[in-house]
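Asker: Got a structure here, written out as structure tokens. Questions coming.
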Amino acid sequence: MGRLAFVPQLLALILVLQALPSHSLPKGSAKELCNESKCKPPACRCSGTDIPGNLAAKDVPQMVLLTFDDAITRLLYNTYYKNILFNRTNPNNCNISTTFFTTHEYNDYGATNWLYQQGHEIALHSITHQPGTDYWKDASVDTLTKEFIGQREILKQFALIPEKDMKGMRTPFLQMAGDNTYQMITENNLEWDCSWPTSQFSDPPMWPYTLDYTSQQDCPIPPCPVSKFPGKWVVPMVDWSNDDGIPCSMVDTCPMIDDPVELFAFIKQNFHRHYDSNRAPFPFFIHAAWFAALPMRFDVYVQFLDYLESLPDVYIVSVSQMLEWVKNPTELSKLKDLWKCWSIPETNCARPRNCELIRQDNGETRYMTSCTTCPQVYPWLGNPSGTSS
Ligand SMILES: [Zn+2]
């Protein structure tokens, strides 16, 4: 919840950084420009705005990415997530899927398991969500591993999420550590990151791509990766913008609109920039605090999901499902061969335990909900299983 306090600072930071010269072609990089005859899906894709598989836009499903950042609390689960996300289907009659970027503190691992059981994707957003961007900008591969892979361990152990299903991440404050971020992704078998905004490639919008070759993407929050990371995916955060051209990567940081009719029009206008052009995945990235700050936003969000449901070629999918499509570009008429409906897995967490634990670094008490036996101490950086020393 405290995350909201950083939104104005983040906006200010983004505006300042966007005024700087872009870093689209890094100096001193040994990489080659992407060659489309060598770089082909499923393993490789050049950065750019062309439609995968050279399909016509009318044959491409408009994929919509709904994501939610930070801790999944029981309150957010009961108030918002289960009400908007369950019992809603795509045109193939499978349930929709969304992506949660989870942080550890105050996260409810029972509710996390229930979202996973319903087919939503659980991704990584660090253990500590340490305030201040310098920590993230200067982070070593070791620190990043402790933060993100530590969170993967915690989710595996206490929310019973299979490790193979946690494939991606978003870094706090969208502050990457350049090559170190993708080095950590590579060393730990993650597949993708979704932290890198683009304002230059929003009209037409950029499609996801791999880091086999030099990226053309602008770098609004440096440092961005410059080395080669074959087969690792960038899911660009394509900026939204308003009539004055003010960009925003997280919808929480867009200029405030307090009239529901205007807000709906603003959302729709940004959606149509994707839907009416190259159909690159449409991002709708928020923190649930966005709903809490102004309750009408929740109604407008539901109204927008209803609007999407009325369109026969729009699919609300997780980031990983979207990448499956990009790796195997499939016409609308053949989608049933690509996306199968989710079947509820065996792992269940019907009665999560409430654990009262001590956070070792500051002695404070934390309450943690777990699908399995309570740990001895509060899991934290360097000790994700929470064993007492
Ligand atoms: Zn966050």
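The values are calculated or read from the model by the stated rules, or taken from the named source; none is laboratory data. As the structure is a computational prediction, the values presented were derived from the model and not from experiment. A quick note on method: Cβ atoms are made from the backbone with ideal geometry, for glycine too, and the neighbour counts reach across all protein chains shown.
Asker: Quick one: is L155 more than 21 Å from Y109 (Cα to Cα) and either within 13 Å of the ligand (Cβ to nearest atom) or crowded, with 22+ Cβ neighbours inside 10 Å (or both)? Working first, answer last.
Answerer: On the way: more than 21 Å from Y109 (Cα to Cα): no; either within 13 Å of the ligand (Cβ to nearest atom) or crowded, with 22+ Cβ neighbours inside 10 Å (or both): yes.
So L155 fails the test.
Asker: Looking at L190, L174, L124, L85, which is the one that is more than 15 Å from the ligand (Cβ to nearest atom), hydrophobic (A, V, I, L, M, F, W, C) and more than 26 Å from K336 (Cα to Cα)?
Answerer: On the way: L174 fails: more than 15 Å from the ligand (Cβ to nearest atom); L124 fails: more than 15 Å from the ligand (Cβ to nearest atom); L85 fails: more than 26 Å from K336 (Cα to Cα).
Of L190, L174, L124, L85, the one residue that is more than 15 Å from the ligand (Cβ to nearest atom), hydrophobic (A, V, I, L, M, F, W, C) and more than 26 Å from K336 (Cα to Cα) is L190.
Asker: Out of the residues in region 338-352 that are more than 23 Å from the chain's Cα centre (by Cα) and surrounded by 10 or more Cβ atoms within 10 Å (Cβ to Cβ), which is farthest from G119 (Cα to Cα)? Don't jump to the end; show me each part of the working.
Answerer: Applying the first criterion (more than 23 Å from the chain's Cα centre (by Cα)) to region 338-352 yields 346-352.
Filter once more, so that each one left must be surrounded by 10 or more Cβ atoms within 10 Å (Cβ to Cβ): 347-349, 352.
On the way: T347: 13, N348: 13, C349: 15, P352: 19 Å.
My answer is P352.
Asker: Working only within region 373-389, note down all residues that are loosely packed, with under 14 Cβ neighbours inside 10 Å and either touching a Phe, Trp or Tyr at 6+ places or on another chain (Cβ under 7 Å) or assigned to a strand (DSSP E or B) (or both).
Answerer: Residues of region 373-389 that are loosely packed, with under 14 Cβ neighbours inside 10 Å, as a first pass: 373, 382, 387-389.
None; the set is empty.
Asker: Hey, another quick one. Could you say whether any residue in region 147-167 is closer than 30 Å to T347 by Cα and part of a strand (DSSP E or B)?
Answerer: No, region 147-167 contains no residue that is closer than 30 Å to T347 by Cα and part of a strand (DSSP E or B).
Asker: Something else about it: When region 269-283 is examined, which residues are found to be surrounded by 14 or more Cβ atoms within 10 Å (Cβ to Cβ) and more than 16 Å from the ligand (Cβ to nearest atom)? Steps first, answer last, please.
Answerer: Just the residues of region 269-283 that are surrounded by 14 or more Cβ atoms within 10 Å (Cβ to Cβ), to begin with: 270-271, 273-275, 277-283.
Of everything in region 269-283, those that are surrounded by 14 or more Cβ atoms within 10 Å (Cβ to Cβ) and more than 16 Å from the ligand (Cβ to nearest atom) turn out to be N270, F271, R273, H274, Y275, S277, N278, R279, A280, P281, F282.
Asker: Would you tally the residues in region 88-101 being within 26 Å of W196 (Cα to Cα) and away from the ligand (no atom under 15 Å from the Cβ)? Don't jump to the end; show me each part of the working.
Answerer: Step one: of region 88-101, the residues within 26 Å of W196 (Cα to Cα) are 96-101.
With the extra rule that they be away from the ligand (no atom under 15 Å from the Cβ), the set shrinks to 96-98.
Here the count works out to 3.
Asker: Take the conditions modelled with pLDDT of 95 or more and part of a helix (DSSP H, G or I) and apply them to I267. Does it pass? Step through it out loud before you land on a result.
Answerer: Numbers: modelled with pLDDT of 95 or more: yes; part of a helix (DSSP H, G or I): yes.
Judged against the criteria, I267 is a match.
Asker: Scan region 100-112 and report the pairs whose first residue is under 17 Å from G168 (Cβ atoms) and whose second residue is within 15 Å of the ligand (Cβ to nearest atom) and of a type in the set (K, R), with Cβ atoms within less than 8 Å and a gap of 6+ or a chain change.
Answerer: F101/R170
Asker: Taking the residues in region 127-141 that are under 15 Å from M176 (Cα atoms) and of a type in the set (A, V, I, L, M, F, W, C) as candidates, determine which candidate is farthest from the ligand (Cβ to nearest atom). Give the steps one after another, and end with the answer.
Answerer: Filtering region 127-141 down to residues under 15 Å from M176 (Cα atoms) leaves 129-141.
Now restrict to residues that are of a type in the set (A, V, I, L, M, F, W, C): 136, 139, 141.
On the way: W136: 11, A139: 15, V141: 21 Å.
For region 127-141, the residue satisfying everything is V141.
Asker: Pairs under 7 Å by beta carbon, first residue within 15 Å of D69 (Cα to Cα) and touching a residue at least 40 places away in the same chain (Cβ under 8 Å) in region 145-174, partner among the aromatic types (F, W, Y) and within 16 Å of the ligand (Cβ to nearest atom), six or more apart or different chains?
Answerer: Sorted first by the residue in region 145-174, then by its partner, the pairs are M169/F148; R170/F101; T171/W136; P172/W136; F173/F6; F173/W136.
Asker: Can I ask one more? Search region 284-326 for residues being in a helix (DSSP H, G or I) and within 16 Å of the ligand (Cβ to nearest atom), and hand back the single one that is nearest to the chain's Cα centre (by Cα). Break it down into steps so the answer makes sense when it comes.
Answerer: Step one: list which residues in region 284-326 are in a helix (DSSP H, G or I), which gives 289-293, 296-309, 319-326.
Adding the requirement that they be within 16 Å of the ligand (Cβ to nearest atom) leaves 289-293, 319.
Values: A289: 16, W290: 16, F291: 18, A292: 20, A293: 21, V319: 7 Å.
By that ranking, first place goes to V319.
Asker: Follow-up question, since we're still on this one. May I ask you to verify whether H104 is within 27 Å of E324 (Cα to Cα) and either buried (at least 22 other Cβ atoms within 10 Å of the Cβ) or within 13 Å of the ligand (Cβ to nearest atom) (or both)?
Answerer: No.
Asker: Continuing with this model, one more query. What's the number of the only condition in (1) within 16 Å of the ligand (Cβ to nearest atom); (2) surrounded by 21 or more Cβ atoms within 10 Å (Cβ to Cβ) that V251 fails to meet?
Answerer: Among (1) within 16 Å of the ligand (Cβ to nearest atom); (2) surrounded by 21 or more Cβ atoms within 10 Å (Cβ to Cβ), the lone unmet condition for V251 is (2).
Residues checked against (1) part of a loop (DSSP other than H, G, I, E, B); (2) of a type in the set (A, V, I, L, M, F, W, C):
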| position | (1), (2) |
| --- | --- |
| N92 | yes, no |
| A123 | no, yes |
| S126 | yes, no |
| P131 | yes, no |
| D134 | no, no |
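Asker: L144 fails exactly one of the following numbered conditions: (1) within 16 Å of the ligand (Cβ to nearest atom); (2) surrounded by fewer than 24 Cβ atoms within 10 Å (Cβ to Cβ); (3) at negative phi. What is the number of that condition?
Answerer: (2)
Asker: Let me ask you something else. Output the number of the condition that Q118 fails; it satisfies all remaining conditions of (1) modelled with pLDDT of 95 or more; (2) buried (at least 16 other Cβ atoms within 10 Å of the Cβ); (3) more than 16 Å from the ligand (Cβ to nearest atom).
Answerer: In the conditions (1) modelled with pLDDT of 95 or more; (2) buried (at least 16 other Cβ atoms within 10 Å of the Cβ); (3) more than 16 Å from the ligand (Cβ to nearest atom), Q118 misses (1) alone.
Asker: What number of residues within region 54-79 satisfy the criterion of being assigned to a helix (DSSP H, G or I) and crowded, with 17+ Cβ neighbours inside 10 Å?
Answerer: Taking region 54-79 as the starting set, the residues that turn out to be assigned to a helix (DSSP H, G or I) are 54, 57-59, 74-79.
After this cut, where a residue has to be crowded, with 17+ Cβ neighbours inside 10 Å as well, the list is 76-77.
Count: 2.
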